[in-house]
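The values are calculated or read from the model by the stated rules, or taken from the named source; none is laboratory data. Since we're looking at a predicted model, the values are computed, not measured. Positions of Cβ are backbone-derived with ideal geometry, glycine not excepted, and every protein chain shown enters the neighbour counts.
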Amino acid sequence: MRESDIEDYLVKRVKGMGGEIRKVKWIGRRGAPDRVVMLPPLRIQILHADSPVTATEIREAVRKVVTGPQPTTIWVELKAPGEKPKPHQAREHERMRRMGQLVVVIDSIEGVEELLA
């Protein structure tokens with residue numbers, strides 16, 4: 001399997017979830033992830049539970065629905081199976097993480113599924 005096969009699968013899965021995915025070209029920055037995944041906010045559902053739901057739990061769930069959870073943005077570095085980021089890529093990923101960004105490296109279809117589960 002090639003990196004492009006994993007990339008095609010990621011694009012298909014993200015779009016199938018109602019998300020957007022972009023290929024990013026960085027100017028003056030080596031090692032940054034080449035894909036940005038934007039997923040829509042998740043909705044909270046109150047399901048029937050075996051034990052009663054407390055008023056506090058209901059208020060908290062309603063507050064989350066009303067204010068709306070934040071959308072999810074993920075920076076993705078795709079690699080061929082078994083391939084690891086080069087040292088300059090790992091450094092850039094760490095810089096981005098220190099800035100509060102979610103950066104993941106994916107080298108398999110299973111990795112895509114794990115990310116989007």
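Of all residues in the range 2-31, count the ones that are surrounded by 10 or more Cβ atoms within 10 Å (Cβ to Cβ) and over 25 Å from residue 87 (Cα atoms).
The number of residues fulfilling the criteria is 11.
For (1) at pLDDT below 85; (2) of a type in the set (D, E, K, R), each residue gets a yes or a no:
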site	(1), (2)
5	no, yes
33	no, no
37	no, no
45	yes, no
65	yes, no
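Hey, can you tell me all the residues within the range 74-117 that are β-branched (Val, Ile, Thr) and either in contact with a Ser or Thr (Cβ under 9 Å, 6 or more places away or on another chain) or not in a helix (DSSP H, G or I) (or both)?
74, 76, 103, 104, 105, 106, listed by residue number.
Could you tell me which of the residues 85, 69 is modelled with pLDDT under 95 and out of contact with any strand residue (DSSP E or B) (no Cβ under 8 Å at 6 or more places or on another chain)?
69
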